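*Asks:* Would you mind keeping the following structure in view while I ask a few things?
The values are calculated or read from the model by the stated rules, or taken from the named source; none is laboratory data. From a predicted model like this one, the values you see are computed outputs, not experimental measurements. FYI the Cβ positions are ideal-geometry reconstructions off the backbone, even for glycines, and counts take in every protein chain you see.
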Amino acid sequence: MMSFAQLRCFVAVAEELHFGRAAQRLQMTQPPLSRQIGLLEQELGVSLVDRSRRSIRLTRAGAAFLDEARQLLRGAERAAETARLMSTGQIGRLAIGFTAASAYRNLGRVLRQFQRRLPEIEISLTEMVSGAQLDAVSNGTLDFAMIRPPVRRDDIESRILHSEALVAAVPCGDALAQASESLTPADLDGRDLIMYRPPEARYFHDLLTRIFHDAEVFPRFPHYLAQIHSMLALVNADLGVALVPEAAAQLRYPGVEFRAIRLPDWGRVELAIAWRRDNENPALTAALSALVPD
């Protein structure tokens, strides 16, 4: 069978038109170079090099074969480079899951980091709630997930990527919107507060429940919703107030004012990334190294 070594020998001879210079270029002696050319001609069944004169030249078959030989060598080089880049995660495909709330600020920040450090990685994005993302990570549909902690699965590893404060979303005409100082949980006692619905928003539901319990505050919960943008729509309709991640202020709902609220240190909202421990995708390893937590 024709080999890449034979092709390299032929291209060197064809470009140098001199066996001595071609051998020097390939860092070999002339006899094995001549033998490689002969084996190639024998394999193809044609003469590629005219040796009948003092200076060699290509036959018509050799001139026609030269372009094809160069393309084959370039293709082999590209294939080798692709394999090297794939093995180090510099190219490849990464399937990422994210929650709707993480898209307000963190998803863009993560994707910009990948664009800077891993520009050749193909990214596939899927919006899912945290529980569905963990299932997808476990079954291999996703390489990694952007979820709310904690992660309690033996097959999945995680780390905190970002944390941010909760803020109060209040109707613009509400007295809370006119307060000169930061709000406190006590300001919500007895107020209509739009609550997160479990199980879709279990993380936020449990966090707010703990905040109100520890502060001995008892809001009324006339509505339970899973999506932050829907909660802000109800605030805009003057149906209550809501506690949302600070990044949600980027949604800029008309008629909604965002006010700081003093909460315990543990009352910050955390975002984690999670991946399956035995995931062997090299692009995942490279992506995890590229991510810089806040």
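*Asks:* Here is a list: ARG202, ARG210. Which entry is among the charged types (D, E, K, R) and either at pLDDT 95 or above or assigned by TED's automatic domain parsing to the domain that holds ASP155 (or both)?
*Replies:* Working: ARG202 fails: either at pLDDT 95 or above or assigned by TED's automatic domain parsing to the domain that holds ASP155 (or both).
Of ARG202, ARG210, the one residue that is among the charged types (D, E, K, R) and either at pLDDT 95 or above or assigned by TED's automatic domain parsing to the domain that holds ASP155 (or both) is ARG210.
*Asks:* While we're on this one: Looking at segment 139-150, is at least one residue polar (S, T, N, Q), in a helix (DSSP H, G or I) and surrounded by 14 or more Cβ atoms within 10 Å (Cβ to Cβ)?
*Replies:* So in segment 139-150, the residues polar (S, T, N, Q) come out as 139, 141.
Pick out the ones that are also in a helix (DSSP H, G or I) and you get 139.
Among the residues that remain, those that are also surrounded by 14 or more Cβ atoms within 10 Å (Cβ to Cβ) are: none.
No, there is no match, as no residue in segment 139-150 is polar (S, T, N, Q), in a helix (DSSP H, G or I) and surrounded by 14 or more Cβ atoms within 10 Å (Cβ to Cβ).
*Asks:* Continuing with the same structure: I'd like the full set of residues that are aliphatic (A, V, I, L, M) and surrounded by 13 or more Cβ atoms within 10 Å (Cβ to Cβ), limited to segment 174-210.
*Replies:* Filtering segment 174-210 down to residues aliphatic (A, V, I, L, M) leaves 175-177, 179, 183, 186, 188, 193-195, 201, 207-208.
Selection gives LEU176, ALA177, ALA179, LEU183, LEU188, LEU193, ILE194, MET195, ALA201, LEU207, LEU208.
*Asks:* Now, a different point. ASP135 passes all but one of (1) in a helix (DSSP H, G or I); (2) in contact with a Phe, Trp or Tyr (Cβ under 9 Å, 6 or more places away or on another chain); which number fails?
*Replies:* Against the list (1) in a helix (DSSP H, G or I); (2) in contact with a Phe, Trp or Tyr (Cβ under 9 Å, 6 or more places away or on another chain), ASP135 comes up short only on (2).
*Asks:* Which members of segment 116-132 meet the condition of being hydrophobic (A, V, I, L, M, F, W, C) and either loosely packed, with under 12 Cβ neighbours inside 10 Å or at pLDDT 90 or above (or both)? Even if it seems obvious, please write down each step before you answer.
*Replies:* Filtering segment 116-132 down to residues hydrophobic (A, V, I, L, M, F, W, C) leaves 118, 121, 123, 125, 128-129, 132.
Matches in segment 116-132: ILE123, LEU125, MET128, ALA132.
*Asks:* I would also like to ask the following. Starting from segment 1-19, take each residue that is surrounded by fewer than 21 Cβ atoms within 10 Å (Cβ to Cβ) and list its partners that are polar (S, T, N, Q) and outside any helix (DSSP H, G or I), counting only C-beta distances under 7 angstrom and pairs at least six apart or across chains.
*Replies:* From segment 1-19, the pairs are LEU17/SER55.
*Asks:* Which helices (runs of 4 or more DSSP H) does segment 1-95 wholly contain that include 2 or more residues that are out of contact with any Ser or Thr (no Cβ under 8 Å at 6 or more places or on another chain), within 30 Å of ARG117 (Cα to Cα) and charged (D, E, K, R)? If you could, list the steps in order and put the result at the bottom.
*Replies:* Details: elements: 4-16, 19-26, 30-44, 60-87.
Once the helices (runs of 4 or more DSSP H) in segment 1-95 are filtered for at least 2 residues that are out of contact with any Ser or Thr (no Cβ under 8 Å at 6 or more places or on another chain), within 30 Å of ARG117 (Cα to Cα) and charged (D, E, K, R), what remains is 60-87.
*Asks:* Which residue, of GLU216, GLU270, GLU246, GLU257, is acidic (Asp, Glu) and touching a helix residue (DSSP H, G or I) at 6+ places or on another chain (Cβ under 8 Å)?
*Replies:* Only one candidate passes the filter, namely GLU257.
*Asks:* Out of all the residues in segment 275-292, is one or more touching a residue at least 24 places away in the same chain (Cβ under 8 Å), closer than 21 Å to SER230 by Cα and more than 15 Å from the chain's Cα centre (by Cα)?
*Replies:* no
*Asks:* Same structure again: Here are some residues: ARG60, ARG54, ARG78. Which one is out of contact with any helix residue (DSSP H, G or I) (no Cβ under 9 Å at 6 or more places or on another chain) and within 30 Å of LEU284 (Cβ to Cβ)?
*Replies:* Details: ARG60 fails: within 30 Å of LEU284 (Cβ to Cβ); ARG54 fails: within 30 Å of LEU284 (Cβ to Cβ).
Unique residue meeting the criteria: ARG78.
*Asks:* Looking only at residues that are small (Gly, Ala, Ser) and outside any loop (DSSP other than H, G, I, E, B) in segment 163-197, which one is nearest to PHE212 (Cα to Cα)? Before the answer, list the steps.
*Replies:* Residues of segment 163-197 small (Gly, Ala, Ser): 163, 165, 168-169, 173, 175, 177, 179-180, 182, 186, 190.
This time we only want the ones that are outside any loop (DSSP other than H, G, I, E, B), so: 163, 168-169, 175, 177, 186.
Details: SER163: 20, ALA168: 14, ALA169: 16, ALA175: 20, ALA177: 20, ALA186: 9 Å.
The extreme case among them is ALA186.
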